[in-house]
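Colleague: There's a structure below that I have some questions on.
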Amino acid sequence: MLVKILVLLLAAALIALICWWFFGNFEQSSDQAKIEGGRQEGQVVVKGGYEPEVLYLKKGVPAEVTFKMEDQTACLSHVVFSTLGVDKDLSKEKTVKIDIPTQKAGEFDYACGMNMFHGKVVVR
Ligand SMILES: [Cu+2]
């Protein structure tokens, strides 16, 4: 009887551990762009995905987001902002600057050329 309870407790602890690991791993990384001299600049490193996945910009401050390519795979070679009509080839230019409109609050989703990896820029 006691053994059964122990096994049950152990199983529950294991499930909790797996959940923690799973959700911890899928938590999105985020960052706030730095404001300097009336402008703000953010940076996203492209390496096996986007780091940070969510970049926050302050509304009303002209913004530029730099994508730094550190990945070798063809998958991440393009960065596409479909709502802005931007499609940049990062395999040709390792550092690409993209102007983001900040007049209005909103979200700009972007993805790799195959729409497999996603990130977003949030104006708030
Ligand atoms: Cu891809």
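Colleague: Would it be correct to say that residue 44 is modelled with pLDDT of 95 or more, part of a strand (DSSP E or B) and surrounded by 12 or more Cβ atoms within 10 Å (Cβ to Cβ)?
Modeller: Working: modelled with pLDDT of 95 or more: yes; part of a strand (DSSP E or B): yes; surrounded by 12 or more Cβ atoms within 10 Å (Cβ to Cβ): yes.
Yes: the conditions hold for residue 44.
Colleague: Also, I was wondering about something else. Under 6 Å between Cβ atoms, which residue pairs at least 6 apart in sequence (or on different chains) link something in the range 67-80 that is closer than 20 Å to residue 100 by Cβ with a partner that is open to solvent by 60 Å² or more (accessible area, probe 1.4 Å) and assigned to a loop (DSSP other than H, G, I, E, B)?
Modeller: So the pair list comes out as 69/94.
Colleague: So which residues in the range 68-95 are within 16 Å of the ligand (Cβ to nearest atom), among the polar types (S, T, N, Q) and outside any loop (DSSP other than H, G, I, E, B)?
Modeller: 82, the sole residue that qualifies.
Colleague: Just a yes or no: is a residue in the range 83-101 closer than 17 Å to residue 30 by Cβ and open to solvent by less than 90 Å² (accessible area, probe 1.4 Å)? Before the answer, list the steps.
Modeller: Taking the range 83-101 and keeping what is closer than 17 Å to residue 30 by Cβ, we get 100.
Filter again for open to solvent by less than 90 Å² (accessible area, probe 1.4 Å), leaving 100.
Yes, the range 83-101 has at least one match.
Colleague: Pairs only if they're at least six apart or on different chains, beta carbon under 7 angstrom, first in the range 96-124 and within 16 Å of the ligand (Cβ to nearest atom) and part of a loop (DSSP other than H, G, I, E, B), second β-branched (Val, Ile, Thr) and open to solvent by less than 70 Å² (accessible area, probe 1.4 Å); list them, first residue then second.
Modeller: The qualifying pairs are 113/80.
Colleague: Hey, can you tell me all the residues within the range 48-65 that are open to solvent by less than 70 Å² (accessible area, probe 1.4 Å) and under 13 Å from the mean Cα position of the chain (by Cα)?
Modeller: Filtering the range 48-65 down to residues open to solvent by less than 70 Å² (accessible area, probe 1.4 Å) leaves 48-50, 52-57, 60-65.
Hits for the range 48-65 are 48, 49, 50, 52, 53, 54, 55, 56, 65.
The values are calculated or read from the model by the stated rules, or taken from the named source; none is laboratory data. Every value quoted in this text rests on a predicted model; they were computed, and no experiment measured them. Every residue, glycine among them, receives a Cβ derived from its backbone with ideal geometry; neighbour counts consider all protein chains shown. What goes into the accessible areas is simple: the full protein's heavy atoms, side chains included, and nothing from ligands, DNA or RNA. Shrake-Rupley method; radii C 1.70, N 1.55, O 1.52, S 1.80 Å.
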